[in-house]
Amino acid sequence: MPKANYTTEDIKRIASEENVRFLRLMFTDIMGTIKNVEVPVSQLEKVLDNKMMFDGSSIEGFVRIEESDMYLHPDLSTWMIFPWESDHGKVARLICDIYNPDGTPFAGDPRGNLKRVLANMEEMGFTSFNLGPEPEFFLFKLDENGEITTDLNDAGGYFDFAPTDLGENCRRDIVLELENLGFEVEASHHEVAPGQHEIDFKYANVVEACDNIQTFKLVVKTIARKHGLHATFMPKPLFGINGSGMHCNMSLFKGDENAFFDPDGDMQLSTTAYNFLGGLMKHARAYTAVCNPIVNSYKRLVPGYEAPVYVAWSGCNRSPLIRVPESRGLSTRLELRSVDPSANPYLAMAVLLEAGLDGIRNGLTPPPSVDRNIYVMNEQEREEAQIQDLPSTLHNALKELRKDQVMIDALGQHIFCNFNEAKRMEWASFRQTVSEWERDQYLELY
């Protein structure tokens with residue numbers, strides 16, 4: 001999605017020409033939920049002057065009531081007019097960074113925090129960190145009352161097409177809508193599980209890519225509802241079929257040069273790429289809490305469903321955590337396969353970037369690549385190959401995160417404390433809930 005360099009004058013002119021009546025000032029909270037403050041277009045001047053305030057105490061994990069005033073600073077390059085909701089004139093959006101009343105960036109803003117980590121990267125001589133995400137989602141039917149069911153909309157499989165893939169029309173409309181909004185969609189297909197879909201869009205610098213992920217989720221859910229469907233980015237909505245991931249393809253650049261590519265390096269990867277990979281491997285167990293942040297995430301990270309379970313890497317094997325896709329030159333990249341679409345993209349990319357930078361700073365080298373199917377290796381073979389398991393629950397992942405100061409620093413103290421506390425409570429609530437599975441297993445037996 002090419003970044004437009006709008007000026008305040010451009011935005012005022014376009015808003016007038018296009019009959020924009022409402023402005024959505026969007027931001028993302030610590031849990032990854034998109035929030036917005038909607039104001040009439042009469043407030044446009046105030047918005048563009050960074051004078052629009054909101055009550056930060058009403059947002060989970062932001063601030064206490066006594067320090068609630070926050071300012072929204074719109075990023076003008078994110079100006080976009082939504083193609084729907086035109087009954088009362090058009091609705092435009094601006095993605096905002098959040099500032100304190102004294103003009104400093106708010107430490108609890110995930111987007112602002114990612115920019116802080118990017119500043120560390122720039123100090124090390126890199127100019128951009130690029131991300132190409134591959135988000136997957138499920139489409140479920142709505143009932144006659146518009147309530148969500150667990151009925152899938154098709155019985156399709158990987159790369160199927162109509163009539164088996166009944167979601168094809170919905171997916172096509174999503175792609176058309178995304179293209180209307182300026183996305184460059186690279187692929188769109190049915191995934192392995194029934195009702196599961198994937199739409200891949202072109203890589204971008206990491207802040208823009210995270211903005212795109214949040215916009216993408218909004219578009220997918222909006223268009224699905226028009227088709228009488230509910231789109232969910234829940235990682236594992238149904239037992240016994242593949243879950244939804246969001247593979248992240250990452251590369252570091254210095255100007256126009258891909259810092260991961262070296263034509264003379266082993267596998268044509270540079271020392272920088274191997275160090276970055278070493279950092280991703282070292283911190284994997286800790287950043288899992290951020291990249292797989294809900295109880296349900298760990299129902300996906302199990303053997304047998306193509307999701308990674310082990311901390312390993314490979315150039316040709318699809319079972320490890322990190323894969324090196326075959327493309328080289330400017331397309332040289334590392335693909336992390338554990339991330340799921342429930343993750344807050346800004347927080348996930350902050351910890352992944354900082355993990356890689358830690359590898360570069362400290363010259364970390366990854367263990368040897370694993371080029372055989374890890375799922376058929378026994379425990380002793382995995383130990384000999386230096387292969388660790390990923391955490392098996394949110395509880396275990398949080399314990400790893402709390403031990404890793406580099407990952408805590410990547411989140412910043414404010415976000416880390418609020419994230420850790422919210423997730424600790426989520427786990428406690430889950431742990432105390434008695435499930436249908438337990439009643440089925442034990443009620444009669446004991």
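The values are calculated or read from the model by the stated rules, or taken from the named source; none is laboratory data. Since we're looking at a predicted model, the values are computed, not measured. FYI the Cβ positions are ideal-geometry reconstructions off the backbone, even for glycines, and counts take in every protein chain you see. Accessible surface is based on the protein model in full, side chains and every heavy atom, while ligands, DNA and RNA are left aside. Shrake-Rupley method; radii C 1.70, N 1.55, O 1.52, S 1.80 Å.
Along the charge dipole of the chain, pointing to its positive end and built from +1/-1 on Cβ of Lys, Arg, Asp and Glu, which listed residue (Leu364, Tyr6, Asn100) has its Cα farthest out?
About the Cα centre, the residue reaching furthest to the positive side is Asn100.
Report the net charge of residues surrounding His395, where surrounding means a beta-carbon distance below 12 angstrom and charges are Lys +1, Arg +1, Asp -1, Glu -1.
Taking every Cβ under 12 Å from that of His395, the sum is +3.
Label Leu445 and Asn180 with points 7 Å out from Cα along Cα→Cβ: what is the distance between them in nm?
5.4
How would Glu9, Glu136 line up by accessible area, probe 1.4 Å, largest first?
Glu9, Glu136
Probe radius 1.4 Å, ligands and nucleic acids left out: which of Ser429, Ser251 has the largest accessible area, and how do the rest follow?
Ser429, Ser251
In square angstrom, rounded to the nearest 10, how much accessible surface does Met31 have for a 1.4 Å probe?
Counting only protein heavy atoms, the figure is 50 Å².
Given N residues in the stretch 216-278, what is its alpha carbon radius of gyration divided by 2.2 N^0.38 Å?
Relative to the rule-of-thumb radius for its length, the stretch 216-278 sits at 1.81.
Straight-line reach only, C-alpha to C-alpha below 20 angstrom: list the aspartates and glutamates that Lys141 could link to, leaving out same-chain residues fewer than 8 apart.
Asp151, Asp154, Asp160, Asp165, Glu168, Asp173, Glu191, Glu198
In whole Å, largest first, what are the principal axis extents of the Cα atoms in the chain?
Each principal axis gives a Cα extent; for the chain these are 67, 57, 47 Å.
Just to verify a number: what accessible area does Val41 come out at with the full protein assembly present, 1.4 Å probe, Å² rounded to tens?
Val41 exposes around 40 Å² with every protein chain in place.
Farthest toward the dipole's positive end in the chain, which of Ala119, Asn180, Leu252, given Cβ charges of +1 (Lys, Arg) and -1 (Asp, Glu) about the Cα centre?
Checking the options against the dipole of the chain, the answer is Ala119.
Which order do the peptides 183-190, 304-311 take when ranked by the mean count of other beta-carbon atoms within 10 Å per residue, highest first?
Taking the mean over residues of other Cβ atoms within 10 Å, the ranking is 304-311, 183-190.
Per DSSP H run of n ≥ 4, the term is -39500 (n - 2.57); total these for the chain, divide by its residue number, and report the mean residue ellipticity at 222 nm rounded to 500 deg cm²/dmol.
-11000 deg cm²/dmol
Can you put Glu421, Glu444, Glu191 in order of accessible area, largest first, using a 1.4 Å probe?
Of Glu421, Glu444, Glu191, the descending order of accessible area is Glu444, Glu421, Glu191.
Please work out the Cα convex hull volume for the stretch 366-411 and give it in Å³ per residue.
116
Taking only C-alpha pairs under 8 Å that are 6+ residues apart, what is the relative contact order of the chain in percent?
This gives 15 percent for the chain.
Please work out the C-alpha center-to-center distance from the stretch 307-342 to the stretch 404-436 and express it in whole Å.
If we compute the Cα centre of each part, the gap is 26 Å.
Under the Karplus relation 6.51 cos²θ - 1.76 cosθ + 1.60, θ = phi - 60°, what is the ordered set of whole-Hz ³J(HN,Hα) values for the stretch 334-348, x standing for Gly and Pro?
3J(HN,Hα) across the stretch 334-348, in whole Hz: 10, 10, 8, 9, 8, 4, 10, x, 7, 5, 6, x, 5, 6, 4.
Using R₀ = 41 Å, calculate the FRET efficiency as 1/(1 + (r/R₀)^6) where r is the Cβ-Cβ separation of Ile81 and Asp266; round to 0.05.
E between Ile81 and Asp266, to the nearest 0.05, is 0.25.
Holding the Cα-Cα limit at 27 Å, pick out from Lys12/Lys226; Lys51/Lys221; Lys299/Lys423; Lys115/Lys202 the pairs that are longer than that.
Going by Cα-Cα distance, Lys12/Lys226; Lys51/Lys221 fall outside the 27 Å limit.
Report the charge-dipole magnitude of the stretch 168-259 in Debye, nearest 20, computed about the Cα centre from +1 at each Lys and Arg Cβ and -1 at each Asp and Glu Cβ.
500
Assigning unit charges at the beta carbon (Lys, Arg +1; Asp, Glu -1) and nothing else, what dipole magnitude in debye, to the nearest 20, does the chain show about its Cα centre?
Dipole about the Cα centre, nearest 20: 480 debye.
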